[in-house]
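Peer 1: Take this structure, written in structure tokens, and hold onto it; I'll ask about it next.
What follows is calculated from the coordinates using simple rules that are stated; it is not laboratory data. Predicted model only: the values in this text are computed from it and were never measured. Here Cβ is always computed from backbone atoms with ideal geometry, including for glycine, and neighbour counts include all displayed protein chains.
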Amino acid sequence: MLGVTLHTSQTPQTHPLLCFVSLYMLVAVRPLGANPVQIACPKCHRTVLSKVDHSAGLLTYLLCGGLFFCGFVLGCCLIPFCVDRVKDAKHSCPSCKTILGVYKRL
Ligand SMILES: [Zn+2]
């Protein structure tokens with residue numbers, strides 16, 4: 001008799017095929033960007049619109065250094081720290097505050 005049988009000693013959470021399916025579902029989610037996205041929270045299992053917090057990243061510091069060496073001194077080189085478009089974006093769940101991912105500019 002041909003067929004695939006599951007051993008009863010394996011629980012559904014530890015079966016390799018089921019682990020692959022759940023990993024595939026995580027990869028299939030739309031990648032995070034700089035704007036809020038609709039995403040399923042892995043902790044509270046709700047579909048939420050992510051909350052985005054911007055923080056200084058590598059691109060912010062590189063632009064600051066570049067502006068400084070181009071002659072933008074006396075605080076003008078700190079302008080990138082005031083512009084959200086050059087900062088990294090941290091996505092979190094608005095319900096349970098779980099960090100869902102970080103979008104890095106560089
Ligand atoms: Zn959540």
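Peer 1: Measure off 7 Å from each Cα along the Cα-to-Cβ vector at residue 68 and residue 43, then give the distance between these two points in nanometres to one decimal.
Peer 2: Roughly 3.5 nm, to one decimal.
Peer 1: Output the relative contact order of the stretch 34-103, whole-number percent, from Cα pairs under 8 angstrom with separation of 6+ residues.
Peer 2: 36
Peer 1: Cross-link candidates for residue 87: which lysines have Cα within less than 18 Å, leaving aside residues fewer than 8 places away along the same chain?
Peer 2: Result set, ordered by chain and number: 51, 104.
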